[in-house]
Amino acid sequence: MTDHRELLDVIIIGAGPSGLACAIEAKKQNLNYLVIEKGCLVNSIFHFPTNLIFFSTADLLEIGDVPFVLSSPKPTRLDALNYYRRVAQHWDVRVNLYEIVLSVSGEKGDFEIETNLEGKYRTRNIVFATGQYDFPNLMGIPGENLPKVNHYYNEGHPYFKKNVTVIGGKNSAVETALDLYHHGANVTLIHRGETFGKSVKYWILPDIENRIKEGNVQAHFHTEVLQIKEDCIVVKNAAGEVWEIDNDFVFAMTGYCPNIDFFKKLGMQFTNGDTPAHNPKTLETNVPGVYIAGVITAGKDGSKVFIENSRHHGKLTMGHILNGK
């Protein structure tokens, strides 16, 4: 096992936009830092649907004073991947990719981080910028673990002519249902609410509403899925009626949450059950020397935090770390 004796000022876990913003600010402040990422650079964005278009304009996704120049109004997933790769190159960000953090021990001033690559690192402070995309909110129903069930969506081509159910009523569910429809799938949308969530992009809301009105997408509101079987799903509406719907594939777009179990092992406390307790002015948690950045500052309600309103997290965290040296 490699024992890295160098005592770093800060280790940033996660190389998404927030993690990169923290790393850039650490470099600006001459802090000795390292970023550790379990996947590729901006791993969550890489795993977004292939044809995703961002709600934000390009200038609102900028970090590190690197311009995000586009000819189109809204950036795509590919545009974002190209941009953040360029940012990392411009700032020569010190990042270890495909390295998984297994455990954290110690205390402020001398934490030890162990990874799957048989490495141990020492650091005075830690910033978790791990997002929440790796941990879907499970429904806890029979059949959820069947191979035909997925909590992530990539593209619609494989589902041509198949009966596909989309569970959820927020933006990801609506975009998934529409993309499946446009690729020739027979789409059924199940949502326990009475209408779509407020996060649905204003320019796609008429599209889904019209597809439902025309009968091209079957939608059941005030309805929940009770069970997923090999060839169907069992649903129940608000009136108590229970029935089966023929089904080949299920996309449970029910949202995501931070890695709460891992954080609790560090002694982190939570508000509202899922939001790490932290000082909003510094982003330091109740565990001295442990900070959070990005979407995990909102817990399960990650729709409240986007790149555009979390890209300043680097200045908050690194400013506090610098003042504490």
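A few comments on the model shown:
- Listed residues Leu189, Thr50, Thr223: farthest to the positive end of the dipole of the chain (Cβ charges): Thr50
- Here the Karplus relation 6.51 cos²θ - 1.76 cosθ + 1.60, evaluated at θ = phi - 60°, turns the backbone of the range 255-261 into coupling constants of x, 9, 9, x, 7, 4, 4 Hz, with x for every Gly and Pro.
- Which listed pairs, of Lys74/Lys315; Lys74/Lys148; Lys162/Lys236; Lys38/Lys148; Lys38/Lys108, have C-alpha distances above 28 Å, in listed order: Lys74/Lys148
- In terms of its C-alpha gyration tensor, the range 1-69 has an oblate overall shape, because the principal axis ratio a/c (a ≥ b ≥ c, square roots of the eigenvalues) is not below 1.5 and a/b does not outweigh b/c.
- When peptides 57-67, 179-189 are sorted by average Cβ neighbour count within 10 Å, with the highest value leading, the order is 179-189, 57-67.
- Fewest-first sequence of His47, His278 by Cβ atoms within 10 Å of each Cβ: His47, His278
- Entry for percent of Cα pairs over 27 Å apart (calculated from the structure that is shown) out of [x] 56; [y] 48; [z] 43: [y]
- Of all DSSP beta bridges in the chain, antiparallel share, percent nearest 5: 45 percent
- Taking a ≥ b ≥ c as the square roots of the eigenvalues of the Cα gyration tensor, an a/c ratio of 1.5 or more together with a/b no larger than b/c marks the range 74-144 as oblate.
- Sorted on the mean count of surrounding Cβ atoms within 10 Å across their residues, most packed first, peptides 282-295, 97-110 read 282-295, 97-110.
- Tensor-based shape of the range 149-252 (alpha-carbon gyration tensor, a/c under 1.5 rounded, otherwise prolate or oblate): oblate
Every number in this text was worked out from the coordinates using simple rules, so none of it is lab data. Here the structure is a predicted model, which is why all the values come from computation and not from measurement. Here Cβ is always computed from backbone atoms with ideal geometry, including for glycine, and neighbour counts include all displayed protein chains.
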